[in-house]
Amino acid sequence: MDILHRVVRDADSRAHVRASSLVVADGKPLIWASRLAGDPLPARVAGADLIWSLSAAMAGAGRSVHLLGGEPGTATRAAEVLRDRLPALKIAGCLSPSLGFDTREQEYAAVCDEVVGAAPDLVFVGFGFPKQERVIARLRRRLPQTWFLGCGAAIGFVAGVHSRAPGWMQRSGLEWVHRLALEPRRLMRRYLVDDAPFAARLLVAAAREGLRRRSEGSR
């Protein structure tokens, strides 16, 4: 929801999304809105789930992954967890740059050089939107055969640094409440002031669109 809100307001955010080969919906309100509008998305697809399913697929195919993101040490810990769960998985590298690395050109270039030198088949990039998309855009030019997944907090979830909401909260669209409880200072304004009103407007607009489609279909 937060990404969609940014996309609506900001041209650079729209460009990042349009540059993606595949865009999925990570957020229950997006699924609800699609159903209300009469054009239902098949399912919610979360980065925290994809990091596991894609790693398993890469292990089965004999391919490699790189973990890029998280607080210092997080990517290394996540790599250890993935190796333990998926012994056949090739870890090309793991790196958690210091905060603000992308504002220091020499450090930014060194991070990119390390990833490029590892030549991974898939890179999980977890810096949050749109920072991770900016990093991906820079790396894609040098690794045209590599796939990149912007995965937000997924590396931290794998490492155990952050905890995911219980399954019932995920299924009922309340995972944001769990995250807000864990990081209230960082997320309160984003979730309650910016995103909640936008979500309400989106659901109302979707319901109107659904009514319009049903009305036209009955003529």
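The values are calculated or read from the model by the stated rules, or taken from the named source; none is laboratory data. What you see is a predicted model; the values in this text were computed from it and never measured. Note: ideal-geometry Cβ built from the backbone for every residue, glycine included; neighbour counts use all protein chains shown. Surface areas here come from the heavy atoms of the whole protein model, side chains and all, with no ligands, DNA or RNA. Shrake-Rupley method; radii C 1.70, N 1.55, O 1.52, S 1.80 Å.
When the Kirkwood radius is taken over all Cα pairs of the range 130-217, what Stokes-Einstein diffusion coefficient follows at 20 °C and 1.002 mPa s, in µm²/s? Before the final figure, lay out each step's value.
Working: Rh = 16.4 Å.
Diffusion coefficient, whole number: 131 µm²/s.
Could you report the accessible area of K131 in Å², rounded to 10, computed with a 1.4 Å probe on the protein chains as they sit in the structure?
Counting only protein heavy atoms, K131 exposes about 40 Å² to solvent.
Over all directions, average the projected area of the Cα convex hull of the range 31-141 and note it in nm².
Its Cα hull, projected and averaged over all orientations, spans 8.4 nm².
First compute the accessible area of the range 32-88 with a 1.4 Å probe, then give the percent of it belonging to carbon and sulfur atoms. Before the final figure, lay out each step's value.
Values: 1630 of 2910 Å².
With neighbouring chains kept in place, the figure for the range 32-88 is 56 percent.
Ranked highest first by average number of other Cβ atoms within 10 Å, how do 47-56, 120-129 line up? Write out the running numbers ahead of the final one.
Values: 47-56: 17.9, 120-129: 22.5.
Ranking the peptides 47-56, 120-129 by packing returns 120-129, 47-56.
How many angstrom separate the Cα center of the range 36-63 from the Cα center of the range 118-141?
17
Given springs between every Cα pair under 10 Å in a Gaussian network model of the chain, which of L139, L192, L68 has the largest fluctuation?
L192
Ignoring ligands, DNA and RNA, what accessible area per residue does the range 155-219 give at 1.4 Å, in Å²? Don't jump to the answer; show the numbers that get you there.
Details: 4290 Å² over 65 residues.
Per-residue value: 66 Å².
Per q in 0.14 Å⁻¹, report the Debye log10 I(q)/I(0) for the chain, using one uniform scatterer on each alpha carbon and no solvent.
-0.93
Considering only protein heavy atoms and a probe of 1.4 Å, how much of the accessible area of the range 112-186 is carbon and sulfur, as a whole percent?
On the way: 2090 of 3830 Å².
After summing per-atom areas, the C and S share lands at 55 percent.
Over the range 1-137, average the accessible area per residue using a 1.4 Å probe and give it in Å², no decimals.
Per-residue accessible area for the range 1-137 comes out at 50 Å².
When the chain is fully extended, how far beyond the present Cα-Cα distance does A43 get from W168, taking 0.36 nm per residue of separation?
Numbers: separation 125, 0.36 × 125 = 45.00 nm, distance 1.56 nm.
Extending this stretch completely gives an extra 43.4 nm.
Hey, how many Å between the Cα centroid of the range 162-219 and the Cα centroid of the range 1-30?
Answer, in whole Å: 14.
Return the percentage of antiparallel bridges among DSSP beta bridges fully within the chain, rounded to the nearest 5 %.
Details: 0 of 14 bridges.
Bridges in the chain are about 0 percent antiparallel.
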